[in-house]
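Below you'll find the structure, written out as C-alpha cells, and then a few comments.
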Amino acid sequence: MNPLLRRNPWRRPVVLATWTWLYVVWMFVPVIIAFMFSFNGGRSRSVWQGFSLRWWTEEPNASLLHDESLHTALRNSLVLAILTMLIATPLGVALAIGLARWRSRVAKGANWLMLVPLVTPEIVMGASLLLIFSNLYTGVPLGRPAQLLGHVTFSMSYVVVVSRGRLLSIGRDYEEAARDLGATAIQALRMVLLPLLAPAILASFVIVFAMSIDDFVISSFLSSGAASETVPVRIYSAVRTSSTPALNALASFLVISSLVALALGMVGMSVYRRRRGDDSDGESVLTEFAKFEM
Amino acid sequence: MRRNSDGQWLWGLLAGPGTTWLLLLFALPFYGLACMAFGEIDPIFRNAVPAWNPLDWQFENFGDVMHEILFGSQRRVFVRTILYVASAVVLSFLVGYPVAYYLARHAGRWRGLLLALMILPFWVNYLMRMLAWVNLLQVDGWATRAFSAFGLQYNWLDGKAITVVLGLVYGYVPFLVLPLYASLERLDVRLLEAARDLGARPGHAFRMVTMPLSRPGMMAAGVIIALPMFGDYYTNDMLSRSPRTEMIGNQVDFYINGTSQPQKGAVLVLVLSAMLVVFMSYYLVSTMRMQRELQA
C-alpha cells in the first residue's frame with residue numbers, strides 16, 4: 001500500500017464502503033438463493049417448501065441424477081468445454097508466440113485479425129457461423145462439430161492475449177542466451193520459452209474452459225436440437241416454463257464445475273510458483289485468471 | 001546479424017494455423033453474411049441463396065430492410081435498443097464506478113477479498129445469474145413479495161423495460177468494474193496529493209484530477225460492456241419475452257434462427273456491425289496503442 005494513503009487526510013469513506021458491500025450482496029445473494037432452491041422440497045422454483053435432495057438425486061426420472069435429458073445437456077457442455085480447451089489453447093499459444101516474434105506484413109494483419117473477435121458481439125459471430133455452416137461448409141454438421149469450431153474461434157483470441165502478456169514480461173533475453181549457447185530456434189522454444197510460458201498456458205486452459213461453459217449464443221445458434229443442447233441452452237429454453245428445481249440443480253452443477261476448474265488452475269499455479277521460488281500471494285494467482293479482462 | 005532472419009520461418013509456422021483458422025472461421029463467415037444479405041431468392045424453392053461474387057450482389061433485399069429500419073417496423077426496435085443500452089451503460093457506471101473507486105483507493109485490508117469477489121461472477125454462468133432473477137421476480141418470487149411489502153405491486157417479468165435494463169446492468173456490470181478498477185489503481189496518488197496541497201477540496205480534486213485521468217479507462221470499460229449489450233437477446237428473452245421490449249438481437253435471432261428469411265437477419269447483423277464499428281475500432285486502436293507502449 002502506498003504510504004501516502006496512510007496519512008491520508010480524507011475521512012474514511014463509509015458511504016463508499018457500504019455501497020461496495022451492498023454491491024457484493026446484490027451480486028451474490030440471488031445466485032445463492034437459486035442454488036438453495038435446487039434443494040427445494042416442492043415443485044416450485046420461487047416458493048420454499050422445505051429442504052430435500054429430491055431434485056438432485058431422489059426424484060425418479062426428473063432429478064439431476066436420473067433425468068437423461070439433463071445428463072445430455074451436462075455432458076454436451078463439459079465435452080465441448082474440454083475439447084475447446086484442448087484445441088484453442090495450443091492454437092492460441094502458438095499464434096501468440098508467432099505474432100510476437102514474426103516480423104512481416106502478414107503478422108501485422110494477423111495481429112489485427114486476432115483482436116477483432118474480442119470486440120465482436122457474439123450474435124454477429126453466431127449468425128455468420130450458422131450461415132456459413134449451412135451454405136458453404138456443409139460438410140460440418142450442426143451440433144457438436146459446428147459448436148466446437150465456433151467455440152474455438154471465439155476463445156482463441158483470449159489465449160493469445162493472456163500468453164502475450166506473459167511473453168512481454170519474459171522478454172527475449174533467455175531465448176537469446178539459449179541461442180548463444182548453441183540451441184536451435186526450436187530447442188530454444190521447447191526448452192526455454194514454453195516452460196516459462198507455463199503459467200499463461202495453465203491460465204488459458206482454465207479461461208477457455210470457463211468461456212466455453214459460459215457460452216450461450218454460439219452453442220444455441222449452432223445446435224441441432226435437443227441432442228446437442230448445452231446447459232445454458234437448456235436453461236434458456238426452460239427458464240420461463242414451469243420446470244422444476246432440477247433446473248436450478250443443473251445450473252448449480254455447471255457453476256460448481258467451472259469453480260472446480262478455477263480451483264484446479266489455482267492449485268496448479270501455486271505449485272508452479274513454489275517450484276520456482278516465486279513467493280507471490282494467493283490473490284495474485286486469482287487475478288492472473290482475470291487479467292484478460294483488465 | 002544472423003539471428004534476425006534466422007527463425008523467421010518458425011514464427012510464421014507457429015502463427016500459421018491460428019491465422020488460417022481465424023480467416024476461415026471468422027473473416028470468411030463475416031463475408032458470407034454480406035453475401036447472404038446481398039444474395040438472391042431461389043425462384044423455385046423461395047429460399048435465400050448467397051451470392052459469393054460481389055459482382056452478382058443484389059440490393060433489393062438490403063434496400064427493403066433498410067427502409068424498414070429507417071421508416072418502418074424495425075425503427076422502433078433500433079431506437080429501443082439504443083435507449084436500453086444507453087440507460088444500462090449509464091446505470092452500470094453509477095453502480096460500478098464507486099465500487100471500482102473504493103476498491104482501488106480505500107479498500108485497505110479488504111482489497112484482496114473484494115477483488116476476488118469482483119472476479120467471481122465471471123465464473124458463474126451468465127444464464128444461471130439470470131435464472132436466479134427469474135425465480136426471484138416471478139409473481140410468487142421472493143423479490144416480488146419483498147417489493148409488494150413496500151407497497152410496490154408489479155409484474156416484473158411481463159414485458160417490462162425496467163426489468164430488461166436492470167437485467168443488463170446486473171449481467172454486465174462485473175465486466176465494467178474490473179477494467180475501471182485497473183485504470184483507477186494505476187492512477188498516481190501523488191497527483192491527488194498535489195491537488196489537495198494546492199487547496200482543492202476532495203470533490204474538486206476528484207473532478208479535476210481523478211475523472212480526467214480515468215477517462216481512457218472509463219471509455220474502454222464502457223465500450224467493453226456496450227458491445228455485448230447491443231447484441232444481447234437472451235437477457236431480454238429470459239426476463240421479458242415480449243414484443244414490447246424486443247431489441248435488435250431478438251430480431252436477428254428471430255430471422256436467422258426462427259424463420260426461412262435469413263437474408264433479412266443478415267442485413268440486420270450487417271447494420272448492427274456498422275453501428276458498432278466505431279466502438280470496436282476505438283477499443284482496438286486503444287488496445288494496440290497500449291500494446292505498443294508496453295513493448296517499447
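The values are calculated or read from the model by the stated rules, or taken from the named source; none is laboratory data. Only a predicted model underlies this, so the values are computations on that prediction, with no experimental measurement involved. Counting neighbours? That spans all protein chains shown, and the Cβs are built from the backbone with ideal geometry, glycine included.
A compact table of results
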read-out	value
All positions within the range A:17-53 that are in contact with a Leu (Cβ under 8 Å, 6 or more places away or on another chain), in a loop (DSSP other than H, G, I, E, B) and of a type in the set (A, V, I, L, M, F, W, C)	A:Phe39
Residue satisfying condition, being more than 29 Å from A:Ser252 (Cβ to Cβ), within 14 Å of chain A (Cβ to nearest Cβ), out of contact with any Gly (no Cβ under 7 Å at 6 or more places or on another chain) and surrounded by fewer than 22 Cβ atoms within 10 Å (Cβ to Cβ), within set B:Gly108, B:Gly72	B:Gly108
Some residue of the range A:193-210 being at the interface with chain B (Cβ under 8 Å from one of its Cβ atoms) and in a helix (DSSP H, G or I)	yes
Enumeration of residues in the range B:83-105 that are surrounded by 24 or more Cβ atoms within 10 Å (Cβ to Cβ), among the small types (Gly, Ala, Ser) and closer than 17 Å to A:Val24 by Cα	B:Ser92, B:Gly96, B:Ala100
Residue that is among the polar types (S, T, N, Q) and under 25 Å from A:Ser46 (Cβ atoms), where the choices are A:Ser252, A:Ser270	A:Ser252
Selection from the range B:27-72 of residues that are touching a helix residue (DSSP H, G or I) at 6+ places or on another chain (Cβ under 6 Å) and among the polar types (S, T, N, Q)	B:Asn61
Where A:Pro232 falls short, out of the listed (1) more than 28 Å from A:Ser134 (Cβ to Cβ); (2) within 12 Å of chain B (Cβ to nearest Cβ)	(1)
Only listed residue being modelled with pLDDT under 80, surrounded by 12 or more Cβ atoms within 10 Å (Cβ to Cβ) and small (Gly, Ala, Ser), chosen from B:Ala48, B:Ala27, B:Ala34, B:Ala15	B:Ala48
Subset tally (residues that are in a helix (DSSP H, G or I) and facing chain B (nearest Cβ under 8 Å)) for the range A:135-148	1
Only listed residue being within 11 Å of chain B (Cβ to nearest Cβ), among the aliphatic types (A, V, I, L, M) and either within 27 Å of B:Ala220 (Cα to Cα) or out of contact with any helix residue (DSSP H, G or I) (no Cβ under 9 Å at 6 or more places or on another chain) (or both), chosen from A:Ile170, A:Ile213	A:Ile213
Residue selected from the range A:48-97 under the condition over 29 Å from A:Glu229 (Cα atoms) and β-branched (Val, Ile, Thr), by the criterion surrounded by the most Cβ atoms within 10 Å (Cβ to Cβ)	A:Val93
All helices (runs of 4 or more DSSP H) inside the range B:73-152 with 2 or more residues being within 24 Å of the chain's Cα centre (by Cα) and among the charged types (D, E, K, R)	B:73-105
Unique residue being more than 24 Å from B:Val124 (Cβ to Cβ), of a type in the set (Gly, Ala, Ser), without any contact (Cβ under 8 Å) to a residue 60 or more places away in the chain and part of a loop (DSSP other than H, G, I, E, B) when the list is B:Gly199, B:Gly203	B:Gly199
Residue in the range A:98-115 that is under 30 Å from A:Ala227 (Cα atoms) and either among the acidic types (Asp, Glu) or within 9 Å of chain B (Cβ to nearest Cβ) (or both) present	no
Which listed residue is of a type outside the set (Asp, Glu) and at pLDDT 90 or above, from B:Leu83, B:Leu55	B:Leu83
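Conditions tested, residue by residue: (1) crowded, with 19+ Cβ neighbours inside 10 Å; (2) closer than 22 Å to B:Ala226 by Cα; (3) touching a residue at least 40 places away in the same chain (Cβ under 8 Å).
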position: B:Tyr126; (1), (2), (3): yes, yes, yes
position: B:Gln138; (1), (2), (3): yes, no, no
position: B:Thr144; (1), (2), (3): yes, no, no
position: B:Gly151; (1), (2), (3): no, no, no
position: B:Ala161; (1), (2), (3): no, yes, yes
position: B:Leu176; (1), (2), (3): yes, yes, yes
position: B:Arg186; (1), (2), (3): no, no, no
position: B:Leu192; (1), (2), (3): yes, no, no
